[in-house]
Amino acid sequence: MKGTSGDRSTPRVIAVTSGKGGVGKSHCVGSLAIALTKLGKRVVIMDADVGLANIDILFNVRPRYNIGHIISGEKELKEVMVTTKHGVKIIPGGSGFANLTQLSDGEKLNLLSEFETLADVADIVLVDTGAGISSNVLYFNAASDENIVIATREPTSITDAYALMKVLARDYGIRYFKLVINMVNSEKEAKSVYASLGGAMDRFLGNVVLEYYGYIPYDPQLQKAVLKRSTVFDYAPESPSATRIGALAIKVAESKIRPGSDGNIKFFMKRIFDAAR
Ligand SMILES: Nc1ncnc2c1ncn2[C@@H]1O[C@H](COP(=O)(O)OP(=O)(O)OP(=O)(O)O)[C@@H](O)[C@H]1O
Ligand SMILES: [Mg+2]
């Protein structure tokens, strides 16, 4: 099965990010990954949240190694990745991503050559970047082909999402963002969040496009799944949030990589090093 990007050497790298923490990034990444797998895509999650990496907890898997073992040359990517029962592969970040700016040339080479092998196993790479405007969040966004921003209707989540996109546009030239609004009661509510954020961007940022990408309803079933150490797809596949994430996955699977982006996975890491310079 090939990715929508066509060429085997070019998995799409999609950053999932937010201004404010706790808005549902990791759950969105995890569920989206499962839904995309059901659509026949080969999905790898990169857990790049250097603060509270928790994709492994969400999937209830216990990785033995993390990206640090690749950087040091002790392990290969295929030894570090863990595969969930859904067939989703996870690259645990651990603290390994925290010091990308200080890597030696040899360590960078280890990462670059191992990441090249991702092309053999992935159509889509989802990066859980963590929240905020710390340099790591910015680097991972800058290096990715697409940028999905998650926000809720909370005012602080909206202003923080704006602040993040402003920095990414100003300092990294990112001009296109896809907005997913989480934990709302209706699509109407989601659209009003989109209208206020999109309106502010039009007024103050200019030349930056914010696409309405979809919404995920507030779903008590998702919280029950969390308590059961399960994902909403396993616990309540017919629940409102699983249904909407399924719809989102179809959108992701069908969307083409944006023109001008360089989908080569090897360049993903190179772009991170460039951004970190
Ligand atoms: N659609 C939803 N409906 C109800 N609760 C939700 C929903 N999405 C997320 N949550 C709740 O929000 C909590 C935080 O979600 P998650 O860990 O995915 O956020 P995050 O953005 O990754 O946080 P962090 O910034 O700390 O990494 C979840 O444990 C869950 O309880
Ligand atoms: Mg998270």
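The values are calculated or read from the model by the stated rules, or taken from the named source; none is laboratory data. This one's a predicted model, so the numbers in the text were calculated from it and none came from an experiment. Cβ atoms come from the backbone with ideal geometry, glycine included; neighbour counts cover every protein chain shown.
Structural remarks
- Residue ID - surrounded by the most Cβ atoms within 10 Å (Cβ to Cβ), chosen from residues in the range 70-120 that are among the small types (Gly, Ala, Ser) and under 13 Å from Asp47 (Cβ atoms): Gly93
- Tyr139 vs. criteria assigned to a helix (DSSP H, G or I) and in contact (Cβ under 8 Å) with a residue 24 or more places away in the chain: yes
- Restricting the range 17-43 to residues that are over 23 Å from Leu168 (Cβ atoms) and of a type in the set (Ser, Thr, Tyr), the residue that is farthest from ligand 1 (Cβ to nearest atom): Thr37
- The residues of the range 79-135 that are farther than 22 Å from Ala275 by Cβ and of a type in the set (A, V, I, L, M, F, W, C), listed by number, are Val80, Met81, Val82, Val88, Ile90, Val121.
- Residue in the range 148-157 that is out of contact with any Asp or Glu (no Cβ under 7 Å at 6 or more places or on another chain), basic (Lys, Arg) and surrounded by 17 or more Cβ atoms within 10 Å (Cβ to Cβ) present: no
- Ala190 vs. criteria in contact (Cβ under 8 Å) with a residue 40 or more places away in the chain, buried (at least 21 other Cβ atoms within 10 Å of the Cβ) and within 30 Å of Glu238 (Cα to Cα): no
- Residue check: Glu146 meets all listed conditions (1) without any contact (Cβ under 8 Å) to a residue 60 or more places away in the chain; (2) of a type in the set (Asp, Glu); (3) closer than 26 Å to Lys256 by Cβ but one, namely (1).
- Here Leu205 meets each of (1) surrounded by fewer than 19 Cβ atoms within 10 Å (Cβ to Cβ); (2) hydrophobic (A, V, I, L, M, F, W, C); (3) without any contact (Cβ under 8 Å) to a residue 40 or more places away in the chain with one exception, condition (3).
- Test: residue in the range 71-94 that is under 19 Å from the mean Cα position of the chain (by Cα) and free of Cβ contacts under 8 Å to residues at least 12 places away in the same chain: yes
- Every residue from the range 188-243 that is within 21 Å of Ala163 (Cβ to Cβ), touching a helix residue (DSSP H, G or I) at 6+ places or on another chain (Cβ under 6 Å) and of a type in the set (Val, Ile, Thr): Val208
- Unmet criterion (only one of (1) in contact with an Asp or Glu (Cβ under 9 Å, 6 or more places away or on another chain); (2) modelled with pLDDT under 90) for Thr101: (1)
- Matching residues in the range 242-259 - criterion: being over 18 Å from the mean Cα position of the chain (by Cα) and at pLDDT 95 or above: Thr243
- When residues in the range 93-143 are screened for being within 16 Å of ligand 1 (Cβ to nearest atom) and of a type in the set (A, V, I, L, M), 7 of them pass.
- Test: residue in the range 40-62 that is over 18 Å from the mean Cα position of the chain (by Cα) and at pLDDT 95 or above: yes
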